[in-house]
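*Asks:* Got a structure for you, questions after.
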Amino acid sequence: MRGWMGKFRTFFLFGALTLVLSGCGIDNLSALKPKGYGSDLLFDLMMISIAIMLFVFVIVMAIYTFVLIRYRQKKGQEDFIPKQTEGNKALEVIWTVIPIILLLVLAVPTVQATFDLADESTKGDDGVTTIEVTGNQFWWHFSYPDDEISTSQDLYIPTGERVYLDMKSSDVIHSFWVPSIAGKMDTNPGDNDNTMYLEAYEEGVYWGKCAELCGESHSLMDFRVIAVSPDEYDQWKEDMQNVDPEAEAETADAQEGQDLFEDSCMGCHAIGDGAAGQGPNLTNFANRTKIAGILEPNKENLVDWIVNPEEVKPGNQMPANLVSEDEASQIAEYLMELDHSDVGSNASSEEVEDE
Ligand code: CUA
């Protein structure tokens with residue numbers, strides 16, 4: 001069965017691949033749609049290298065095709081042997097020099113970008129934000145030491161300015177990656193801190209991923225970067241600083257939940273700027289874009305997560321069955337009331353739409 005179908009098999013294969021891969025172009029999760037300074041630089045580098053590769057490909061294919069046609073065996077010349085040559089200085093020089101030039105064309109902007117992305121010249125200056133980022137299995141802690149704010153999973157930054165990140169890990173190596181804003185940076189355990197910066201051009205909710213295999217739930221170690229206008233950012237900081245961790249919950253169920261939370265959860269979690277233990281700081285929890293970084297933020301999902309976290313994120317540190325389902329429901333009531341700031345509060349609904 002070698003009809004026209006067989007001949008076009010490769011074509012179909014590539015067609016199908018194109019369809020499948022086009023799903024990778026989710027907005028705000030794509031290095032191919034840069035929305036920040038770092039990703040812009042990297043995108044330009046990708047374009048330069050693709051242009052160089054295309055140039056080489058076209059030239060080589062042109063020469064190849066020419067030789068195939070021009071020097072194929074002709075009728076009546078079956079025994080013809082062409083003139084045998086050995087070495088050609090001019091050719092040797094040409095195909096040594098051209099690749100060197102191409103590599104230089106690629107190397108100069110690459111080295112420039114490398115130094116540019118490692119620049120820390122404004123770090124520590126007045127009005128320049130530095131945020132401490134800690135990778136944990138399998139979530140991210142963010143603290144703003146100058147503003148005495150601690151939070152997790154949703155990283156708030158102002159647009160249009162450079163924000164530095166001091167990065168480390170509490171356990172194994174993770175890698176912090178927000179493809180549409182910047183490149184990757186490893187977070188290491190111990191004293192081996194890394195620094196990078198983010199600069200988002202526009203407001204938006206940007207997907208972040210852990211890009212270093214770090215355990216069972218590595219692929220679920222998602223987070224978000226929420227870029228808001230500088231005014232909104234100041235408002236957010238004020239809201240976060242005004243959080244009263246002991247403020248009493250409103251409904252009766254939530255009050256029960258608050259007591260349960262204090263008894264069962266505060267050993268690991270915290271609300272406000274108080275130091276959290278092993279678990280994420282839950283300030284402004286009701287405003288988070290996701291539960292545990294991956295679930296839609298609703299009460300049902302939250303109860304599922306509290307009762308059986310292992311099913312949602314295998315290998316995570318939160319103990320299962322710490323509370324009953326009814327108790328989890330009350331705790332969820334309480335957590336869903338922790339709406340400490342309106343800034344970015346519709347972030348979950350406006351995020352990531354396929355184009
Ligand atoms: Cu953390 Cu992969």
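*Asks:* Counting only DSSP beta bridges with both residues in the chain, tell me the antiparallel percent, nearest 5.
*Replies:* Counting DSSP beta bridges with both partners in the chain, the antiparallel share is about 70 percent.
*Asks:* Once the Cβ-Cβ distance between LYS89 and THR65 is put in as r, and R0 is 35 Å, what FRET efficiency do you end up with, to the nearest 0.05?
*Replies:* That gives a FRET efficiency of 0.85.
*Asks:* Would you please put 158-170, 128-140, 294-306 in order of how densely packed they are, using the mean number of other Cβ atoms within 10 angstrom per residue and starting with the highest?
*Replies:* Put in order of decreasing packing, that is 128-140, 158-170, 294-306.
*Asks:* Also: I want to check the label-to-label distance for ILE98 and GLN241. Put each point 7 Å from Cα in the C-beta direction and report it in nm to one decimal.
*Replies:* Each label point lies 7 Å from its Cα, and together they span 6.3 nm.
*Asks:* Using a Förster distance of 51 Å, how high is the FRET efficiency between ALA252 and GLU161, based on the Cβ-Cβ distance and rounded to 0.05?
*Replies:* 0.70
*Asks:* Once the dipole of the chain is set up with Lys and Arg at +1 and Asp and Glu at -1 on Cβ about the Cα centre, which of TYR164, PHE261, ALA31 lies farthest towards its positive end?
*Replies:* ALA31
*Asks:* Between ARG72 and LYS33, what is 0.36 nm times their sequence separation minus the Cα-Cα distance? Round to one decimal in nm.
*Replies:* Value of the extension gain: 9.4 nm.
*Asks:* Let me ask something else. Whole number in Å², please: accessible area per residue of the stretch 137-188, 1.4 Å probe, ligands, DNA and RNA not counted.
*Replies:* Result: 28 Å² per residue.
*Asks:* Per residue of the chain, what 222 nm ellipticity follows from adding -39500 (n - 2.57) for every DSSP H run with n ≥ 4, rounded to the nearest 500?
*Replies:* So the helix-based figure for the chain works out to -12000 deg cm²/dmol.
*Asks:* Over the chain, with every protein chain in place, what whole percent of the accessible area is carbon and sulfur at 1.4 Å, could you tell me?
*Replies:* 57
*Asks:* What are the ³J(HN,Hα) couplings of the stretch 220-228, residue after residue, when phi is run through the Karplus curve with 6.51, -1.76, 1.60 and θ = phi - 60°? Round to Hz, x for glycine and proline.
*Replies:* 9, 7, 8, 8, 10, 10, 10, 8, 10
*Asks:* Using a basic spin-label model with each label point 7 Å from the Cα along Cα→Cβ, how many nm lie between GLN278 and ASP263?
*Replies:* 2.1
*Asks:* Mind putting a number on the dipole of the stretch 127-204 about its Cα centre? Charges go on the C-beta only, +1 for Lys and Arg and -1 for Asp and Glu, and I need it in Debye to the nearest 20.
*Replies:* Dipole magnitude for the stretch 127-204 comes out near 280 debye.
*Asks:* Arrange the residues HIS174, HIS141 by how much accessible surface each exposes, largest first, with a 1.4 angstrom probe.
*Replies:* The ordering from most to least exposed comes out as HIS141, HIS174.
*Asks:* Within straight cross-link reach of LYS83, meaning Cα distance under 20 Å, which lysines are found once same-chain residues fewer than 8 apart are removed?
*Replies:* Within the straight-line limit of under 20 Å, LYS83 reaches these lysines: LYS74, LYS75.
*Asks:* Excluding GLY160 itself, what net charge comes from residues whose Cβ is under 11 Å from its Cβ, given Lys and Arg +1 and Asp and Glu -1?
*Replies:* -3
*Asks:* Taking a 31 Å limit on the Cα-Cα distance, which of the listed pairs LYS123/LYS209; LYS33/LYS299; LYS33/LYS290; LYS168/LYS237; LYS35/LYS299 fall beyond it?
*Replies:* From LYS123/LYS209; LYS33/LYS299; LYS33/LYS290; LYS168/LYS237; LYS35/LYS299, over 31 Å: LYS33/LYS299; LYS35/LYS299.
*Asks:* SER49 versus ASN194, label points 7 Å from Cα toward the beta carbon: distance in nm?
*Replies:* Simple spin-label model gives 1.7 nm for this pair.
The values are calculated or read from the model by the stated rules, or taken from the named source; none is laboratory data. What you see is a predicted model, and the numbers here were worked out from it, not measured in a lab. All Cβ positions, glycine included, derive from the backbone under ideal geometry; neighbour counts span all protein chains shown. For accessibility, only protein heavy atoms count, side chains too; no ligands or nucleic acids. Shrake-Rupley method; radii C 1.70, N 1.55, O 1.52, S 1.80 Å.
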